[in-house]
Amino acid sequence: MHNNTLLTLTTKDARLWKTALEQTRPYDFYHLPEFHRLAEGNGEGDAVMLVFTQESHMIAFPMLLRNLDIPGKAYRDAGCVHGFVGPLTTSGEIPEQVRRHFIESLQEFYISQNVISAFSRLHPLIDRSTLLSGYGNVIDVGATLSIDLTPPPEEQLSRYRRNHRQDINRLKNAGYTCRRVGPKYLGDFLRIYLDTMDRIQADSMYYYDNDYFEYLLREMKDVIHLFVCELDGCIASVALCAFCNGIIQVHLAGTDAEHKKFAPMKLVFDTIREWGNKNGANVVHLGGGVGARRDSLYNFKKGFGANEHTYRIWQHIVDPDVYETLCSQAFDESRIEPSVDYFPKYRNPCLRGIGLRS
């Protein structure tokens, strides 16, 4: 007997969900039941958090269970919300024996739910990837960046690239200002954000409607914060941030095309850093380049004296036979075998007829 338990919580169990999270601090806003309820409302799947306990150790793993559109078959797969998630643990190192029992319980759960494959983006600042070692594949995708708020503010600023400091001063001298604002600016945010997504030809997963943002500002009002950068009453840049457990996530941002050449986002990031210092934050996570690559966006963010973190994903094929059958069926129906690496393969956006995208 291992004397362990596996509890399955849904978003209806929000109080228990949050109680479990509190025992696995630090956690981020992406792990919250409210954020998972938003994904459910968007039709991304049924949110659950598995809570594994053995002796004094706990592992909590939020995920989305998604039905596969296969007549007569009750297959599902497991994915995650749009953000950095992955498993969490109580403080202290998890003994290898406990880790193995967690993996065994996770496998049993997936089999009981007819889950064919599982995927999760892992949190770059809360690295628990070793929990999943040997169970599927943990893959290094690239890098993300964060500003450390633990040194004195003047030291934080001194770590900026010189041209970033100069440009921020130029923006201020030109009359640009940045501040945290309320929900009445949501329409301006949405307009500039969506225009930015169009301009950079962003993936469809980054297009959200007004309901998405209204939910965040209403149901997560203590966590979500909106910042705008203005010049003479015209909004130049916008950013939507989350602040949870000392972690500020720059979740979504955009810049008006007419102001892009002046890089007002530099002032936005600097204002968020200053706001974080005043409100007890430990870190501002800026994210990375497009697809976590070291591209021009990465280089821009690196200019804030940011620390680098490894961004990883986890992939696991629970039932290889059914997985290959689903892939073959999707390829046959679409008459396409995708060349771009995507997991699970049968959910590749270029295919038709199989369920939802991951």
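The values are calculated or read from the model by the stated rules, or taken from the named source; none is laboratory data. Bear in mind the structure is a predicted one, so any value in this text is a computation, not a measurement. Backbone-built Cβ (ideal geometry, glycine too); neighbour counts: all protein chains shown.
Here's a check for you: in the range 182-225, which residue that is within 24 Å of ASP295 (Cα to Cα) and in a loop (DSSP other than H, G, I, E, B) is modelled with the highest pLDDT?
Start the filter on the range 182-225 by keeping residues that are within 24 Å of ASP295 (Cα to Cα), which leaves 192-207.
Of the ones still in play, those that are also in a loop (DSSP other than H, G, I, E, B) are 200-203, 207.
On the way: ILE200: 84, GLN201: 85, ALA202: 83, ASP203: 81, TYR207: 90.
Taking the candidates together, the pick is TYR207.
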Q. In the range 68-121, how many residues are without any contact (Cβ under 8 Å) to a residue 24 or more places away in the chain, of a type in the set (Ser, Thr, Tyr) and farther than 26 Å from VAL322 by Cβ?
A. 0
Q) under 30 Å from THR150 (Cβ atoms), of a type in the set (Ser, Thr, Tyr) and in the same structural domain as LYS172 (by TED's automatic domain parsing) - does that describe any residue in the range 228-237? A) yes
**Q.** Sole exception among (1) assigned by TED's automatic domain parsing to the domain that holds HIS164; (2) within 30 Å of GLN107 (Cα to Cα); (3) surrounded by fewer than 15 Cβ atoms within 10 Å (Cβ to Cβ) for ALA292, by number
**A.** (3)
Q: Kindly indicate the residue of the range 128-173 that is farther than 21 Å from GLY287 by Cβ and either of a type in the set (Ser, Thr, Tyr) or touching a strand residue (DSSP E or B) at 6+ places or on another chain (Cβ under 6 Å) (or both) and also surrounded by the most Cβ atoms within 10 Å (Cβ to Cβ) among those meeting that condition.
A: LEU132
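Before we move on, is THR150 within 25 Å of the chain's Cα centre (by Cα) and hydroxyl-bearing (Ser, Thr, Tyr)? Spell out the reasoning first.
Numbers: within 25 Å of the chain's Cα centre (by Cα): yes; hydroxyl-bearing (Ser, Thr, Tyr): yes.
For THR150, the condition - within 25 Å of the chain's Cα centre (by Cα) and hydroxyl-bearing (Ser, Thr, Tyr) - is met.
Do we find that SER146 is in a strand (DSSP E or B), more than 19 Å from LYS261 (Cβ to Cβ), of a type in the set (Gly, Ala, Ser) and in contact (Cβ under 8 Å) with a residue 40 or more places away in the chain in this structure? I'd like the intermediate steps shown before the answer.
Numbers: in a strand (DSSP E or B): yes; more than 19 Å from LYS261 (Cβ to Cβ): yes; of a type in the set (Gly, Ala, Ser): yes; in contact (Cβ under 8 Å) with a residue 40 or more places away in the chain: yes.
So SER146 passes the test.
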Q) So which residues in the range 209-222 are touching a residue at least 60 places away in the same chain (Cβ under 8 Å), surrounded by fewer than 20 Cβ atoms within 10 Å (Cβ to Cβ) and under 24 Å from ASP270 (Cα atoms), if there are any at all? A) MET220
Q: Kindly indicate whether CYS229 is modelled with pLDDT of 95 or more and touching a His at 6+ places or on another chain (Cβ under 9 Å).
A: yes
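Can you tell me which residue in the range 114-127 is surrounded by the fewest Cβ atoms within 10 Å (Cβ to Cβ), limited to those that are assigned to a loop (DSSP other than H, G, I, E, B) and at negative phi? Even if it seems obvious, please write down each step before you answer.
Looking only at the range 114-127, we keep the residues that are assigned to a loop (DSSP other than H, G, I, E, B), and these are 114, 123-127.
Those still in the list that are at negative phi too: 123-127.
On the way: HIS123: 26, PRO124: 24, LEU125: 17, ILE126: 23, ASP127: 13.
Selected residue: ASP127.
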Q: Would you check if PHE84 is out of contact with any Ser or Thr (no Cβ under 9 Å at 6 or more places or on another chain) and closer than 26 Å to TYR208 by Cβ?
A: no
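Quick check on ASP270: is it part of a loop (DSSP other than H, G, I, E, B), under 26 Å from TYR30 (Cβ atoms) and not aromatic (Phe, Trp, Tyr)?
Values: part of a loop (DSSP other than H, G, I, E, B): no; under 26 Å from TYR30 (Cβ atoms): yes; not aromatic (Phe, Trp, Tyr): yes.
So ASP270 does not fit the description; no.
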Q. How about the range 1-113: which strands (runs of 3 or more DSSP E) wholly inside it have at least 2 residues that are buried (at least 20 other Cβ atoms within 10 Å of the Cβ)?
A. 46-54, 57-67, 76-79
Q.
Just to be sure I understand the filter: pairs with C-beta atoms under 8 Å, separated by 6 or more residues or on different chains, first member in the range 329-358 and over 13 Å from LEU68 (Cβ atoms) and assigned to a loop (DSSP other than H, G, I, E, B), second member of a type in the set (A, V, I, L, M) and at pLDDT below 80. Which pairs pass?
A. ILE336/LEU351; PRO338/LEU351; ASN348/VAL340; CYS350/ILE336; CYS350/VAL340
Q) Looking at the range 9-56, which of its residues are touching a residue at least 60 places away in the same chain (Cβ under 8 Å) and polar (S, T, N, Q)? A) GLN23, THR24, ASN42
Q: State whether one or more residues within the range 116-136 are β-branched (Val, Ile, Thr) and more than 25 Å from HIS36 (Cβ to Cβ).
A: no
